[in-house]
Amino acid sequence: MSILFLTSLAGACSFSQTQRAGFDRLLIGVGKGAASVEVADLNNDGRPDMAVANITDSNVTILLNQGNRKFKPAAGSPFYAGNAPNDIAFADCNKDGYTDMILANHERKHLTVLLGNGSGQFAPAPHSPFAVAVKPHTHGVAAADFNGDGKIDIVTDSWGVDSIVVLSGDGQGNFRNPVFYATGKHPYQRVRVADFNKDSLPDIVGSDLDANDVMILPGNKKGSFSAHFFAAGNTPFGVAVGDVNADGNLDLAVINAPTISGSKTGNDGLTVLTGDGSGNFSMLKAVFYMGHNGVLLSSLQIDSFSKSDGIAIFDMDGDGKKDIIVTGVDTNNIMILFNTGK
């Protein structure tokens, strides 16, 4: 297995690469307080790129994939992303064919929308940021067409009232008409969207911090939601979606973060829940697992990457296997676990 580290170095981006038995390590500068990382093709070259929300710097770093496990910052990166950007979602909000970004602004009741130009550059939407009447403020964000009108909508969290909030999009990059849906206790930090039950409708997943579970809210043609719950270890924080065991069904990788949340219960680590393709999930009896027939990673390797709260799943090197990316919010790092499962 190979591990890629991306770390903040003083000043401009710096690069260094070392080789150790079983590991290749690459260092790339990002901003301070790397809170979230998400993956999409941001410059239309067919390669998966990365966006990192730097919560301390109030900006987002765009890293363009050069192939061969190499990345470089996009021109103009980092881009201002509103106050303390904590999470990222990708979608084409204004139907111009380019990937845009939506960011949840911590300590603010705001969502910032940055419109992409197809080359890896981003600028604020005309009416961004958008106010959201959540309690106490936004943490996570995801995007999909929830009501089937052909326009991108947004979901964010409102943990103060144990709810998520869906805002309708107008197809021009604007969002309004919030509707609240009940969740479990303290739906904190991350929400994501995927089709877990293969009905071609977007479902919502998020973590319930104080209930030690993840919530699944299956979509329907009416655009309304009700929650189902699955155990996910102590203090579930970040959550990512992907087929990590290559069985054709979507799975969940969940960051367990009692340290960063202030809880004294349990250990920091990573929990994987395998999906059955019908919207149900089972917790693996291992600390970490990925790849067909399995690669087991020790808890020591996960725990040594302190205070992780963001996670993403994507094939970053084009080998057909899903890799896992984890942020280190207090070390300004992101770590890619390249999947070499046999």
- request: Calculate one ³J(HN,Hα) per residue across region 173-189 by plugging θ = phi - 60° into the Karplus curve 6.51 cos²θ - 1.76 cosθ + 1.60, and present them in order as whole Hz with x for glycine and proline.
  value: x, 10, 9, 7, 6, x, 10, 9, 10, 6, 10, x, 6, 6, x, 10, 6
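Could you order peptides 318-327, 67-76 by the average number of other Cβ atoms within 10 Å of their residues, highest first? Each step should come with its number before you reach the end.
Values: 318-327: 20.1, 67-76: 14.5.
So the order, starting with the most tightly packed, is 318-327, 67-76.
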Cβ charges +1 (Lys, Arg) and -1 (Asp, Glu), total dipole of region 116-273, debye: 380 debye
In sequence order, calculated HN-Hα J values of region 118-128 (Karplus, 6.51, -1.76, 1.60; Hz; x Gly/Pro): x, 10, x, 9, 9, 9, x, 5, x, 10, 6
message: Ignoring ligands, DNA and RNA, please state the percent of accessible area on region 238-277 from carbon and sulfur, probe 1.4 Å.
response: 43 percent
- prompt: Where Lys and Arg each count +1 and Asp and Glu each count -1, what net charge lies around LEU64 among other residues with Cβ under 9 Å from its Cβ?
  reply: 0
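The values are calculated or read from the model by the stated rules, or taken from the named source; none is laboratory data. Quantities reported herein were computed from a predicted structural model and do not represent experimental measurements. Counting neighbours? That spans all protein chains shown, and the Cβs are built from the backbone with ideal geometry, glycine included. Accessible surface areas use protein heavy atoms only, side chains included; no ligands, DNA or RNA. Shrake-Rupley method; radii C 1.70, N 1.55, O 1.52, S 1.80 Å.
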